[in-house]
Amino acid sequence: MAHIVRSAGNSPSPRWDGHAKGSTAYARILAGLSFAGVATFAQLYSTQAVLPILASDLQVRAADAALTISLATVGLAATVIPWSFLADRIGRVRAMAWGISIATVLGLLVPLSTSFGMLLALRLLEGMALGGIPAIAIAYLNEEVTKAHAALAAGSYVAGTTLGGLAGRLVAGPAGELWGWRAAALAVSVLATLAAVAFLILVPKAQGFVTAPAAGLRGAFRTLGGHLRNVRLLVLYGQAFLMMGGFVAVYNYLGFRLSGEPFGLPGTLISLIFLAYLSGTVTSRWSAGLTLRFGRRTVLLAGLALSTAGLALTLTQSLALILAGLVVFTGGFFAAHSIGAGWTGALASTGRAQGASLYNLAYYLGSSIIGWAGGLVFQSLGWNALAAAVMVLACLTTAAVAVVHPGKEHAGA
């Protein structure tokens, strides 16, 4: 949606259509948000690569150790909507800067935790601070980039988030194996701090943002209610909840499976499974480009089918097939996620930050609830039961998308 920006004299300037692909500002936006993705997702999942080590050191169960992930994502989910309203008042860039700065300070305190309870509390607060990034980033993209390239820009941002998640896990794994989970958390926090500084330097000042008047609590509920009555948005929110929940469950507990019999892999080698994220880096950007030819619906359904097929391969006892399946599963998931996240911003023509925030709320609630509950399934019934449950969630998502979204719709629609 184009906006009217105002000059210093408060008179309307020409219609703002956004930065075009190839411009310096477009490149700075994508680079800056990529660093924001690194800072956000390296911190958010910083303990995932060392969950078996953390569980052993603190003498807690697998599902309890996974709370260090779930509480961080609960904190993020709880604050994405308040952050979106704050961003409407103070600006997208300022809100993201506040969130990323607070989160990095809290992240540096995590290794100093003196008890498991303190660790969980800090992780919760860290997630709450990180709530100021994901939804606002999508709203910022849709306001600052031309409509023709909005889907591609969103895919590029999601690609940056995959690199962030990968970098955090690859740093944490070896550090945790050598020096323990505290050293792993510190190393990730230092990485996130450097990425946050790069974001603050690179991200350009917003030109498409117009300060929204304070609507009050009633106005806020009216805006959110409008999105929740949109069945097409509801399906995308459902996709975010179910697929992200399944995705986090797979990565939370696959490490436990590979550390046990018959594989018996050490922590450093297990951390390398997160290299599968590189497939998501590729597919999130690639799938966004494919929407120009085939439409969002088709590409989204293909991503869901790909993730289901990949997960089926992990049911075998072959390590090579399990790893290949993880690569396919991850690529399919991020292809679907990049389409869903970008599509939300396009469908929510008003209250865009809140529309994206509801997507992220569903996304991280799924991460928190299903990511934790998957541990109960894994502990009771084993890996095959967990993988089968996630495949069922993917099939339900596919059916909902196929029924609700029109068959012929392209990115520019």
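The values are calculated or read from the model by the stated rules, or taken from the named source; none is laboratory data. On a predicted model such as this, the values are computed, not experimentally measured, just so you know. All Cβ positions, glycine included, derive from the backbone under ideal geometry; neighbour counts span all protein chains shown. For accessibility, only protein heavy atoms count, side chains too; no ligands or nucleic acids. Shrake-Rupley method; radii C 1.70, N 1.55, O 1.52, S 1.80 Å.
Against the definition (in contact (Cβ under 8 Å) with a residue 60 or more places away in the chain and touching a strand residue (DSSP E or B) at 6+ places or on another chain (Cβ under 9 Å)), how does residue 97 come out, yes or no?
No, not satisfied.
Somewhere in the stretch 362-380, is a residue crowded, with 24+ Cβ neighbours inside 10 Å, modelled with pLDDT under 90 and of a type in the set (A, V, I, L, M, F, W, C)?
Checked the stretch 362-380: at least one residue is crowded, with 24+ Cβ neighbours inside 10 Å, modelled with pLDDT under 90 and of a type in the set (A, V, I, L, M, F, W, C).
Determine, yes or no, whether residue 279 is touching a residue at least 60 places away in the same chain (Cβ under 8 Å) and touching a Ser or Thr at 6+ places or on another chain (Cβ under 7 Å).
Spelling it out, it is not the case that residue 279 is touching a residue at least 60 places away in the same chain (Cβ under 8 Å) and touching a Ser or Thr at 6+ places or on another chain (Cβ under 7 Å).
Determine whether the stretch 213-234 contains at least one residue that is modelled with pLDDT of 85 or more, touching a Phe, Trp or Tyr at 6+ places or on another chain (Cβ under 7 Å) and open to solvent by less than 10 Å² (accessible area, probe 1.4 Å).
Scanning the stretch 213-234, I find no residue that is modelled with pLDDT of 85 or more, touching a Phe, Trp or Tyr at 6+ places or on another chain (Cβ under 7 Å) and open to solvent by less than 10 Å² (accessible area, probe 1.4 Å), so the answer is no.
Within the stretch 60-70, identify whether any single residue is touching a residue at least 60 places away in the same chain (Cβ under 8 Å) and closer than 26 Å to residue 288 by Cα, and answer yes or no.
No, the stretch 60-70 contains no residue that is touching a residue at least 60 places away in the same chain (Cβ under 8 Å) and closer than 26 Å to residue 288 by Cα.
Residue-wise test of (1) under 16 Å from the mean Cα position of the chain (by Cα); (2) surrounded by fewer than 24 Cβ atoms within 10 Å (Cβ to Cβ); (3) not in a helix (DSSP H, G or I).
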{"position": "28", "(1), (2), (3)": "no, yes, no"}
{"position": "35", "(1), (2), (3)": "yes, no, no"}
{"position": "71", "(1), (2), (3)": "yes, yes, no"}
{"position": "87", "(1), (2), (3)": "no, no, no"}
{"position": "101", "(1), (2), (3)": "no, yes, no"}
{"position": "123", "(1), (2), (3)": "no, no, no"}
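Over 15 Å from the mean Cα position of the chain (by Cα), open to solvent by less than 20 Å² (accessible area, probe 1.4 Å) and farther than 25 Å from residue 20 by Cα, is that true of residue 95?
For residue 95, the condition - over 15 Å from the mean Cα position of the chain (by Cα), open to solvent by less than 20 Å² (accessible area, probe 1.4 Å) and farther than 25 Å from residue 20 by Cα - is not met.
Kindly indicate the residue of the stretch 255-276 that is part of a helix (DSSP H, G or I) and in contact with a Ser or Thr (Cβ under 7 Å, 6 or more places away or on another chain) and also farthest from residue 335 (Cα to Cα) among those meeting that condition.
270
Within the stretch 122-141, which residues are closer than 26 Å to residue 343 by Cβ and either at pLDDT 90 or above or in contact with a strand residue (DSSP E or B) (Cβ under 7 Å, 6 or more places away or on another chain) (or both)?
Result: 127, 130.
Kindly establish whether residue 306 is farther than 24 Å from residue 235 by Cβ and either free of Cβ contacts under 8 Å to residues at least 12 places away in the same chain or over 15 Å from the mean Cα position of the chain (by Cα) (or both).
no
Taking the residues in the stretch 139-158 that are open to solvent by less than 10 Å² (accessible area, probe 1.4 Å) and among the aliphatic types (A, V, I, L, M) as candidates, determine which candidate is nearest to residue 67 (Cα to Cα).
The qualifying residue nearest to residue 67 (Cα to Cα) is 158.
Read through the list (1) surrounded by fewer than 20 Cβ atoms within 10 Å (Cβ to Cβ); (2) over 14 Å from residue 248 (Cβ atoms), then give the number of the only condition that residue 344 fails.
If we test residue 344 against (1) surrounded by fewer than 20 Cβ atoms within 10 Å (Cβ to Cβ); (2) over 14 Å from residue 248 (Cβ atoms), just (1) comes out false.
Could we say that residue 310 is over 23 Å from residue 69 (Cα atoms), modelled with pLDDT under 85 and open to solvent by less than 10 Å² (accessible area, probe 1.4 Å) here?
No.
In the stretch 347-359, which residues are at pLDDT 80 or above and open to solvent by 10 Å² or more (accessible area, probe 1.4 Å)?
358
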